[in-house]
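The values are calculated or read from the model by the stated rules, or taken from the named source; none is laboratory data. The structure presented is a predicted model; accordingly, all values stated were derived computationally and were not measured. Here the Cβ positions follow ideal geometry from the backbone for every residue, glycine too, while neighbour counts run over all protein chains shown.
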Amino acid sequence: MWSPLNSLTFLPRLRRETTAFRYSPSIQQAMTLSSAFNAFKSSKSIFWKSTGRLQRTLAGCIEGKGKTLHSGKVSAVKLWPDHAGKGRYFVCRSNAIRASIEFTEESPLCTTLCKDGLKIRTVEHLLSALEAMEVDNCRIEIKNSDPEDIDIEVPIFDGSAREWVEAIKQVGLKEATDEQGNCCEKMAAHMNEPVHVWRNNSFVAAFPSPEIRITYGIDFPQVDAIGCQWFSVTSLDNSFYSKQIALSRTFCIYEEVEQMRKAGLIKGGGLENAIVCSSSKGWLNPPLRFPDEPCRHKVLDLIGDLSLFARFGSQGLPVAHIVAYKGGHALHSDLVRRLSETI
Ligand SMILES: [Zn+2]
């Protein structure tokens, strides 16, 4: 039987509340001691604790190919299992970008990772599925048909995370080990005090809570069919996520489509990869999968964006009650940046 104390050999002494952060020598070599200390350093606002679970990875490889939302090009993605401590990272033509807040670039209508001129757009639905389904360590290879393209995008599929979740369930998960075969405990951030960010009349806040809870509100007074919606998750686990959140599709307002197209966005958008609502005619491609599908999709996006707080195979989502109102990718990223700054 696996014993955590036998197989884990490196125990940095951080603050007293960080009780279970251990790495094997190989992981220790892969990152400097100081970066490990910084990654799980507690602060006035945050403390790190073991989730009581081991880091996991995929039990096999997943391949996905499809049209992308904004560029309209076709791209191919391969998800590979990886060692504990590696976290989630994209690889495009031998360039690697960690799925981390430090590489995000503000972009309209999607979350973009950017490093050395290479951009990977619309990462949020894939990262949401990986975070919620507990694929803590994963190498994500991505390419499109143009070998010179430095602006790559993750396929949109039906606008939800369903394809990714189904594929993850099919291939299964296994405990991730480091290069020496040792398991690593999975850490998560907890809140000592509330942290919040806002822009105009939108906000996202993380309150101390013993479990992950999410409350999300949206308000579209000009579009009756959407209007004001609230959706709450009282205890997030992968079963709830896959049944109640992953299926919800991205949505847009019909009257704003032309403006977005002129801005060079949603070139690949269509009725097959988004639910579209007109302010005068209502939903153009019903039925909805849930009456509050737009609000649930915001939760899906939020989980994907908060996954960018993950480090060295830890959980990205802080163990907190996260309350968001009229948020978007930029505001979600602001919260992650704020949490990172407090460390
Ligand atoms: Zn989305």
- Can you name every residue in segment 94-126 that is acidic (Asp, Glu) and more than 12 Å from Ile150 (Cβ to Cβ)? Glu102, Glu105, Glu106, Glu124
- Item | Test for Arg249: is it in contact (Cβ under 8 Å) with a residue 60 or more places away in the chain, of a type in the set (Lys, Arg) and over 14 Å from Arg296 (Cβ atoms) | no
- Task: Return the total of residues in segment 265-283 being over 15 Å from Phe220 (Cβ atoms) and free of Cβ contacts under 8 Å to residues at least 40 places away in the same chain.
- Result: 2
- Message: Taking the criterion of being surrounded by fewer than 18 Cβ atoms within 10 Å (Cβ to Cβ) and at pLDDT below 95, would at least one residue in segment 158-178 satisfy it?
- Response: no
- Reported set for segment 264-321 where residues are under 30 Å from Ala189 (Cβ atoms) and assigned to a strand (DSSP E or B) is Val319, Ala320, His321
- Task: Output the residue which, of all residues in segment 322-337 that are in a loop (DSSP other than H, G, I, E, B) and over 14 Å from the mean Cα position of the chain (by Cα), is farthest from Val195 (Cα to Cα).
- Result: Lys326
- Item | Matching option when the condition is at pLDDT 95 or above, of a type in the set (Val, Ile, Thr), over 21 Å from the mean Cα position of the chain (by Cα) and farther than 24 Å from Leu126 by Cα, among Val195, Val223 | Val223
- Item | Qualifying positions in segment 233-243 - buried (at least 17 other Cβ atoms within 10 Å of the Cβ) and without any contact (Cβ under 8 Å) to a residue 60 or more places away in the chain | none
- Message: Filter segment 79-130 down to the residues that are of a type in the set (S, T, N, Q), part of a loop (DSSP other than H, G, I, E, B) and surrounded by fewer than 19 Cβ atoms within 10 Å (Cβ to Cβ) and list them by number.
- Response: Ser94, Ser107
